[in-house]
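Worksheet: one structure, shown below.
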Amino acid sequence: MEIIYGTGNQAKIAYMERALEGLPLHITGLAQAAAARGISLPDVEETGVTPLENARLKGECYFNLFRSPVFSCDSGLFLWNHETGEALPREEQPGVCVRGRGEERLSDEELLAHYIGLVRKYGQIRARYKNAICLIWNEEIREESMEEELWGEDFLLTDIPHSKRTAGFPLDSISIDKNSRKYFYDLEGNGQDALVSRVGFSRFFRCFLKKYDLL
């Protein structure tokens, strides 16, 4: 069964393909889905104040465009001082605006420089992604979640970047596993998937498919 993933980020598509391996779903990215149907993609302004609100905005837009099963995800990033456990000041918390909004959105390199600056200002930072998903199957069936099982594991941010870069995921190069103290890129396999909670998304889709007798 084809389902359209409401993103043009190839790294996110590859992650979700790994997360949903073994399920009877074929993930198609936005660009591929639009090209196959001869559709122009609109810009979706993410005006929500929570990851779920933004996921819903995107999911509804793309379902109305394609009239096919579609899902969209969104994340908020939250930061603490690793030594004291205190949350960084509100004005430093990215939340759903990890890259900023509108014309102020940061490029990969600008984003990396910004977070390196935060580490140098506050010391090593503990971070966590809080994720949400909106899945619209048809006019009658949809599922949404922002449950904690979708959230990523805590990890650390450092001010010394790894030499590896992945387009669309600049923060992975300064992300460190809090237990092994290894860069995510130095973990075996796709260890960095813990940033995004691979098991949580797999469980969400499996439960959805069972609920509606699609599995």
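Summary of values
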item	result
Computed FRET value (nearest 0.05) for Arg105 with Val199, which takes r as the C-beta separation and R₀ as 35 Å	0.70
Within-11-Å neighbourhood charge of Gln124 [Cβ basis; K, R +1; D, E -1]	+2
Charge tally in the Cβ shell below 11 Å around Thr166, where Lys, Arg are +1 and Asp, Glu are -1, Thr166 excluded	+1
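Coordinate-derived values only; no laboratory data. Since the structure is predicted, the reported quantities are computational estimates derived from the model, not experimental observations. So basically every Cβ, Gly included, is an ideal-geometry build from the backbone, and we count neighbours across all protein chains shown.
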